[in-house]
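Only one structure is covered here, and it is reproduced in the block below.
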Amino acid sequence: MDIEQIKKILVVGSGTMGHGIAEVFALSGYEVYLSDISQDIVNSGMQKIKWSLEKFHEKGRLKENVDHIMARIKPIVGLSEQVKDVDFAIEAAVERLDLKRQIFQSLDQTLKEEAILATNTSSLPITLIARSTKREDKVIGMHFFNPPVLMSLVEVMKGEKTTDQTAKIVYELAKRIGKQPVMINKDVPGYLVNRLLFGIFNGSCIIVEKGLASFTEVDAAARYKLGFPMGVFELMDYTGIDVVYLINEGWKQLGIELPGCSLIDEKFKMKEFGVKSGKGFYAYPSPGKYSKPDIPIELKDKVDPSLIIAGAVNEAARLLRNGVSSKEDIDLSVELGLGLPKGILRYADEIGIDNVVNAISKLKLESNNEFYNVDALLMQMMGSNKLGVKTGEGFYIYNKVEEKKYKNVLLRIEPPLAWIILDRPEMLNAITQELVEEVNKALDELETDNRVRTLILTGNGRSFSAGADIASFLNLKPIDIIRYRTLRELVSKISLYTKPILAAINGYALGGGLELAMACDIRIASETAQLGQPEINIGIIPGAGGTQRLPKLVGKGKAKMLIYTGEIISAKQAYEIGLVDLVVPPEKFEEEVKRVATKIAEKSPSSLIAAKLAIEMGNETNIWDGMLIEGALFGLLLTTNDVKEGIKAFLEKRKPKFVGE
Ligand code: COA
């Protein structure tokens with residue numbers, strides 16, 4: 001059998017998953033039999049498919065009409081002679097081993113010898129299901145996510161006797177129906193996604209059970225620090241606490257060493273199943289109606305986020321070490337199956353393997369469960385100093401941070417970010433002609449460096465920049481201000497530079513320092529920063545756009561107040577008048593600047609240039625010309641590959657990978 005020979009598909013079970021899987025195959029042009037135990041049940045499955053196809057049709061997302069696609073699906077009751085020539089069957093019945101074994105026995109007896117038999121089980125061993133057939137080499141796990149038509153991930157898992165050839169065909173088949181498969185080489189109940197998810201669930205339970213934090217605090221850290229789309233307990237509510245409970249119980253029976261969770265057991269006993277019953281860890285408006293629970297952002301620092309992911313990282317390391325799957329597939333499964341912004345191994349590399357190991361050890365100490373014995377692979381990584389991003393290698397290899405020292409400026413390239421650090425700390429980074437030239441050089445160098453997507457301008461020491469070097473004024477003639485590559489020219493260059501530049505205002509931003517910061521796209525200030533235009537105190541006025549940009553940011557009155565009085569204001573005051581865009585406590589400053597910069601760096605470079613030019617140039621003209629600029633740039637973007645990728649990723653519910661073309 002090879003992939004080209006697969007033409008007819010049989011889906012056994014027309015429930016939530018079964019009908020969705022049948023729809024996916026039919027959408028890709030396959031002939032499908034949809035089978036269930038009664039006509040009523042299978043009819044209901046067919047109706048759901050029709051409803052879903054009509055929705056796609058309304059949204060203009062179908063290439064054929066609904067009836068054509070429906071005509072490819074034949075509803076049948078039980079397994080009749082009709083299906084004996086199908087090439088590929090997938091079972092999507094309820095999660096009971098005895099039932100699945102019975103179905104596979106019938107499939108084995110009814111279907112032709114070469115046919116591949118797949119199960120959509122989410123938690124049962126493939127090997128045990130396969131043993132009920134005489135073709136164990138052709139039995140495989142093919143796990144779709146709900147709803148199959150929208151979720152792009154498919155986990156392909158081999159049983160003990162499944163051949164590589166069978167696995168290859170099913171992997172390819174998943175691709176042909178437009179899915180992103182991940183390959184699991186060994187039979188591990190729960191596949192990748194559920195195993196890793198339960199690592200996260202259980203670690204979070206331990207944190208709460210042992211009184212280290214409340215469940216809302218765990219969820220705040222998950223949402224706001226790890227960037228999860230939902231809090232951990234919120235996700236349990238959403239999934240259904242009964243489902244979580246039953247999977248946990250099922251695994252216990254299979255002898256999988258996962259620590260239990262008394263919080264889930266209690267909720268299960270009280271029938272507080274989450275969204276479906278209107279109450280779980282959180283309360284919902286009515287049974288079945290989800291609304292985002294209130295998880296205050298202020299609680300985000302109450303728990304160390306590495307504790308939340310530690311169990312999953314340990315499990316992922318175990319899977320990797322045992323050759324169950326590749327690191328790329330492990331991470332892909334987490335991104336696509338759980339909607340996390342990055343893979344679990346990437347998280348580990350960023351948090352630091354040493355920190356993750358400490359967190360696993362803490363969970364072990366608290367739970368005394370073997371699940372939290374630190375995996376040998378993590379220990380080995382610790383021994384060879386592969387601690388993640390900070391040492392240049394962890395599960396992945398990272399570009400080493402490159403540093404280049406000019407006389408007054410330090411350039412740090414840390415793709416996709418680059419830092420231009422004003423480096424005259426003893427003079428509070430006062431700006432000289434030489435410093436201006438060096439910043440210019442750094443900007444020129446970074447403009448063509450495709451690894452770099454966002455720039456950060458900051459200062460070394462306790463100051464961003466205390467302004468133009470006052471001493472140098474004494475040697476300047478009026479004409480010099482016009483003639484040389486001055487600060488005035490530099491701020492214009494920054495404001496029209498083709499990559500976003502953030503000003504990370506770490507301390508004083510005074511005079512020319514503030515003018516530099518105002519030319520940047522976004523200003524993030526440390527709580528300790530102080531800002532002002534004190535030129536008036538020495539008998540001059542701002543000379544690099546201060547009289548122009550400041551009124552535009554804060555209004556004429558407030559600008560005059562600052563420029564006429566020369567007064568210095570705090571970061572908080574600056575935020576209140578709109579002079580800075582974000583204020584962050586000093587201990588979180590670098591982390592937060594990087595977070596914002598990295599988020600921007602993930603976007604399409606072409607969209608970012610277009611947005612910047614539309615805002616910068618459009619806002620300096622009248623609204624009609626401004627909108628024309630906006631429209632022209634919008635139109636141009638439609639011709640880029642990035643927009644195609646953005647739309648494709650949206651439809652496939654994954655993160656886009658923009659390249660700037
Ligand atoms: N030009 C030249 N040198 C400057 C400078 C500037 N704009 N800003 C600070 N420095 C120098 C100081 O002269 C001092 O040098 P020194 O150690 O050789 O005396 C050094 O940087 C440290 O500054 P200092 O004044 O000792 O620190 P502080 O914490 O007491 O005060 C400021 C900090 C920012 C309030 C103060 O330095 C200041 O007012 N600077 C000038 C700000 C200004 O007017 N900028 C606009 C210029 S047009």
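Before we move on, is residue 597 open to solvent by less than 50 Å² (accessible area, probe 1.4 Å) and either at pLDDT 95 or above or assigned to a strand (DSSP E or B) (or both)?
yes
Is it fair to say residue 400 is over 27 Å from the mean Cα position of the chain (by Cα), open to solvent by 10 Å² or more (accessible area, probe 1.4 Å), more than 16 Å from the ligand (Cβ to nearest atom) and at pLDDT below 95?
no
Would you confirm whether any residue within the stretch 90-110 is open to solvent by 40 Å² or more (accessible area, probe 1.4 Å), among the aliphatic types (A, V, I, L, M), in the same structural domain as residue 166 (by TED's automatic domain parsing) and not in a loop (DSSP other than H, G, I, E, B)?
Looking for residues that are open to solvent by 40 Å² or more (accessible area, probe 1.4 Å), among the aliphatic types (A, V, I, L, M), in the same structural domain as residue 166 (by TED's automatic domain parsing) and not in a loop (DSSP other than H, G, I, E, B), one finds at least one in the stretch 90-110, hence yes.
Against the definition (more than 13 Å from residue 435 (Cα to Cα), more than 15 Å from the ligand (Cβ to nearest atom) and either open to solvent by 10 Å² or more (accessible area, probe 1.4 Å) or in the same structural domain as residue 549 (by TED's automatic domain parsing) (or both)), how does residue 463 come out, yes or no?
no
For the stretch 370-383, state whether one or more residues are crowded, with 16+ Cβ neighbours inside 10 Å and within 16 Å of the ligand (Cβ to nearest atom). Steps first, answer last, please.
We begin by selecting, within the stretch 370-383, every residue crowded, with 16+ Cβ neighbours inside 10 Å; these are 371-372, 374-375, 377-378, 381.
Next cut, within 16 Å of the ligand (Cβ to nearest atom) only: none.
So far as the stretch 370-383 goes, no, none of its residues is crowded, with 16+ Cβ neighbours inside 10 Å and within 16 Å of the ligand (Cβ to nearest atom).
Hey, residue 155 hits all of (1) closer than 21 Å to residue 29 by Cα; (2) of a type in the set (D, E, K, R); (3) outside any helix (DSSP H, G or I) but one; which does it fall short on?
Result: residue 155 fails condition (1) only.
Tell me, which helices (runs of 4 or more DSSP H) lie completely within the stretch 505-587 with 2 or more residues that are within 15 Å of the ligand (Cβ to nearest atom) and more than 18 Å from residue 619 (Cβ to Cβ)?
Per the criteria, 512-519, 556-565.
The rows are residues; the columns are (1) in the same structural domain as residue 427 (by TED's automatic domain parsing); (2) in a helix (DSSP H, G or I); (3) within 13 Å of the ligand (Cβ to nearest atom).
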{"site": "471", "(1), (2), (3)": "yes, yes, yes"}
{"site": "476", "(1), (2), (3)": "yes, no, yes"}
{"site": "482", "(1), (2), (3)": "yes, yes, no"}
{"site": "492", "(1), (2), (3)": "yes, yes, no"}
{"site": "497", "(1), (2), (3)": "yes, no, no"}
{"site": "503", "(1), (2), (3)": "yes, no, no"}
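List the residue pairs whose Cβ atoms are under 8 Å apart, where the first residue sits in the stretch 497-508 and is open to solvent by 10 Å² or more (accessible area, probe 1.4 Å), the second is of a type in the set (S, T, N, Q) and part of a strand (DSSP E or B), and the two are 6 or more positions apart or on different chains.
Taking only residues 6 or more apart or on different chains, the pairs are 499/454; 500/454; 506/458; 506/463; 506/526; 508/463; 508/465; 508/530.
So is residue 315 farther than 15 Å from residue 216 by Cβ, modelled with pLDDT of 95 or more and surrounded by 18 or more Cβ atoms within 10 Å (Cβ to Cβ) or not?
The answer is yes for residue 315.
In the stretch 175-190, how many residues are part of a loop (DSSP other than H, G, I, E, B) and more than 11 Å from residue 125 (Cβ to Cβ)?
Number satisfying all stated conditions: 4.
Within the stretch 611-642, can you find the residues that are within 30 Å of residue 178 (Cβ to Cβ) and either open to solvent by less than 50 Å² (accessible area, probe 1.4 Å) or not in a helix (DSSP H, G or I) (or both)?
Hits for the stretch 611-642 are 635, 637, 638, 639, 640, 642.
Where the second residue is among the acidic types (Asp, Glu) and open to solvent by less than 20 Å² (accessible area, probe 1.4 Å) and the first is farther than 13 Å from residue 103 by Cα and lies in the stretch 115-126, which pairs have Cβ atoms under 8 Å and are six or more apart or on separate chains?
From the stretch 115-126, the pairs are 115/87; 116/87.
Picking from 69, 6, which residue would you name as being farther than 23 Å from residue 135 by Cα and open to solvent by less than 30 Å² (accessible area, probe 1.4 Å)?
It is 69.
For residue 195, all conditions in the list (1) more than 28 Å from residue 373 (Cβ to Cβ); (2) of a type in the set (Lys, Arg); (3) modelled with pLDDT under 95 hold save one; what is the number of the exception?
(1)
Can you tell me which of (1) surrounded by 13 or more Cβ atoms within 10 Å (Cβ to Cβ); (2) among the small types (Gly, Ala, Ser); (3) over 30 Å from residue 256 (Cα atoms) is the one residue 388 doesn't meet?
It fails just one condition, (3).
So which of 332, 365 ends up being without any contact (Cβ under 8 Å) to a residue 24 or more places away in the chain and not aromatic (Phe, Trp, Tyr)?
365
Scan 645, 591 and give me the residue that is open to solvent by less than 90 Å² (accessible area, probe 1.4 Å), charged (D, E, K, R) and under 19 Å from the mean Cα position of the chain (by Cα).
After applying the criteria, what remains is 645.
Filter the stretch 121-131 down to the residues that are among the small types (Gly, Ala, Ser) and farther than 15 Å from residue 90 by Cα and list them by number.
123
Restricting the stretch 33-60 to residues that are in contact (Cβ under 8 Å) with a residue 12 or more places away in the chain and of a type in the set (D, E, K, R), which is farthest from residue 82 (Cα to Cα)?
54
Looking only at the stretch 55-73, decide whether some residue is in contact with a strand residue (DSSP E or B) (Cβ under 8 Å, 6 or more places away or on another chain) and more than 18 Å from residue 144 (Cβ to Cβ).
Looking for residues that are in contact with a strand residue (DSSP E or B) (Cβ under 8 Å, 6 or more places away or on another chain) and more than 18 Å from residue 144 (Cβ to Cβ), one finds at least one in the stretch 55-73, hence yes.
For the stretch 403-438, which positions are in a helix (DSSP H, G or I) and within 16 Å of the ligand (Cβ to nearest atom)?
Across the stretch 403-438, the qualifying residues are 425, 426, 427, 433, 434, 435, 436.
Exactly one of (1) in a loop (DSSP other than H, G, I, E, B); (2) of a type in the set (A, V, I, L, M); (3) crowded, with 21+ Cβ neighbours inside 10 Å; (4) modelled with pLDDT of 95 or more is unmet by residue 218. Its number?
(1)
Of the conditions (1) without any contact (Cβ under 8 Å) to a residue 60 or more places away in the chain; (2) away from the ligand (no atom under 16 Å from the Cβ), residue 605 clears all except one; give me its number.
Every listed condition holds for residue 605 apart from (1).
Could we say that residue 307 is open to solvent by less than 30 Å² (accessible area, probe 1.4 Å), outside any loop (DSSP other than H, G, I, E, B) and in contact with a helix residue (DSSP H, G or I) (Cβ under 6 Å, 6 or more places away or on another chain) here?
Yes; evaluated as a whole, the condition is true for this residue.
When the stretch 1-42 is examined, which residues are found to be among the small types (Gly, Ala, Ser) and over 18 Å from residue 174 (Cα atoms)?
13, 14, 15, 35, 38, listed by residue number.
In a loop (DSSP other than H, G, I, E, B) and touching a Leu at 6+ places or on another chain (Cβ under 8 Å), is that true of residue 452?
On the way: in a loop (DSSP other than H, G, I, E, B): yes; touching a Leu at 6+ places or on another chain (Cβ under 8 Å): yes.
It is true that residue 452 is in a loop (DSSP other than H, G, I, E, B) and touching a Leu at 6+ places or on another chain (Cβ under 8 Å).
Could you list, in sequence order, the residues of the stretch 276-327 that are of a type in the set (Asp, Glu) and farther than 14 Å from residue 233 by Cα?
298, 301, 304, 315
The values are calculated or read from the model by the stated rules, or taken from the named source; none is laboratory data. Note that the structure is predicted; figures quoted are calculated from it, not measured. Methodologically, a virtual Cβ is constructed for each residue, glycine included, from the backbone with ideal geometry; neighbour enumeration extends over all protein chains shown. Surface accessibility is based on the protein's heavy atoms, side chains included, excluding ligands, DNA and RNA. Shrake-Rupley method; radii C 1.70, N 1.55, O 1.52, S 1.80 Å.
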